[in-house]
1. Within the range 89-101, is even one residue farther than 25 Å from Gly33 by Cα, among the basic types (Lys, Arg) and modelled with pLDDT of 90 or more?
2. Quick check on my filter: what residues within the range 77-115 are assigned to a loop (DSSP other than H, G, I, E, B) and either of a type in the set (Asp, Glu) or in contact with a strand residue (DSSP E or B) (Cβ under 6 Å, 6 or more places away or on another chain) (or both)?
3. Are there any pairs with C-beta distances below 8 angstrom linking a residue in the range 57-74 that is over 12 Å from Val29 (Cα atoms) to a residue that is outside any loop (DSSP other than H, G, I, E, B) and at pLDDT 90 or above, with the two at least 6 apart or on different chains, and if so which?
4. What is the one condition in (1) touching a Ser or Thr at 6+ places or on another chain (Cβ under 8 Å); (2) surrounded by 15 or more Cβ atoms within 10 Å (Cβ to Cβ); (3) modelled with pLDDT under 90 that Val117 does not satisfy?
5. Looking at the range 85-107, I want the residues that are touching a residue at least 12 places away in the same chain (Cβ under 8 Å) and surrounded by 18 or more Cβ atoms within 10 Å (Cβ to Cβ) and have a partner that is aromatic (Phe, Trp, Tyr) and in a helix (DSSP H, G or I) with Cβ atoms under 8 Å, at least 6 apart or on another chain. Which pairs are those?
6. Count, please, the residues in the range 25-60 that happen to be of a type in the set (A, V, I, L, M, F, W, C) and at pLDDT 70 or above.
7. Please go through the range 27-46 and give me each residue that is of a type in the set (A, V, I, L, M, F, W, C) and either exposed (fewer than 13 other Cβ atoms within 10 Å of the Cβ) or outside any helix (DSSP H, G or I) (or both), ordered by number.
8. Select from the range 1-38 the residues that are in contact with a Ser or Thr (Cβ under 8 Å, 6 or more places away or on another chain) and aliphatic (A, V, I, L, M) and list them in ascending order.
Amino acid sequence: MSGWDVSPSGVESVTSLVGMAMDDVAKSVTSYGTNVTSAASSAGTISGAYCGVGTPTGPIGAALALFVEKTAGDVLFLGARAAKSVNGARQATAYYVAGDLGLAANAEHSALAAPEVKLPTPGGPQGGKK
C-alpha cells in the first residue's frame, strides 16, 4: 500500500460527478417504469373487459411485463454497484487521509465485491436476491 498516491480532492470531484450521473439514471429508471406501464396499458387486447374483472392484458402488455420482470435485477444492480463503488472510494480515501492504509485497503477491497440486490416480491416486503 505504500505506493498509494491519492488526491482526496480528485476523488471527491470524480465521486461527485458519479453521484450526479446516478441521480440522472434514477430519473431515467423512474421514467422508464412510467412509460412501460403506459405502453402496456395502451397496447390493447384482443377482447374487452369481462364482467367483474378489469381489462385483460394483451400479448404486448404481457411481453412488456415479462421483460421488466426479467431485467429488474439488472437495473437495480447498476445503481447498487455505482453506490457501493462511490462509497468505497470515499471511505478508502478518508482512511488514507487519516494515515490508516490498512483500513483504506480493506475499504477498497470491500467495495470491489458485488453488491447484494434484493428484488421486491409482489405484494410483500423485499425478498428476492440477485
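1. Going residue by residue through the range 89-101, those that are farther than 25 Å from Gly33 by Cα are 89-101.
This time we only want the ones that are among the basic types (Lys, Arg), so: 90.
Cutting the leftovers down to modelled with pLDDT of 90 or more gives us 90.
Within the range 89-101, one or more residues are farther than 25 Å from Gly33 by Cα, among the basic types (Lys, Arg) and modelled with pLDDT of 90 or more.
2. Once the filter is applied, which keeps residues that are assigned to a loop (DSSP other than H, G, I, E, B) and either of a type in the set (Asp, Glu) or in contact with a strand residue (DSSP E or B) (Cβ under 6 Å, 6 or more places away or on another chain) (or both), the range 77-115 yields only Asp100.
3. Filtered contacts from the range 57-74: no entries.
4. Unmet condition: (1).
5. Going by the 8 Å Cβ cut-off, the qualifying pairs are Ala104/Tyr95; Ala104/Tyr96; Ala107/Tyr95.
6. Taking the range 25-60 as the starting set, the residues that turn out to be of a type in the set (A, V, I, L, M, F, W, C) are 25-26, 29, 36, 39-40, 43, 46, 49, 51, 53, 60.
So of that shortlist, the ones also at pLDDT 70 or above come out as 25-26, 29, 36, 39-40, 43, 60.
Residues that pass the stated criteria total 8.
7. Filtering the range 27-46 for residues of a type in the set (A, V, I, L, M, F, W, C) gives 29, 36, 39-40, 43, 46.
Correct list: Ala39, Ala43, Ile46.
8. Within the range 1-38, Val6, Val11, Val18 meet the criteria.
The values are calculated or read from the model by the stated rules, or taken from the named source; none is laboratory data. Keep in mind it's a predicted model, so treat the numbers as computed, not measured. FYI the Cβ positions are ideal-geometry reconstructions off the backbone, even for glycines, and counts take in every protein chain you see.
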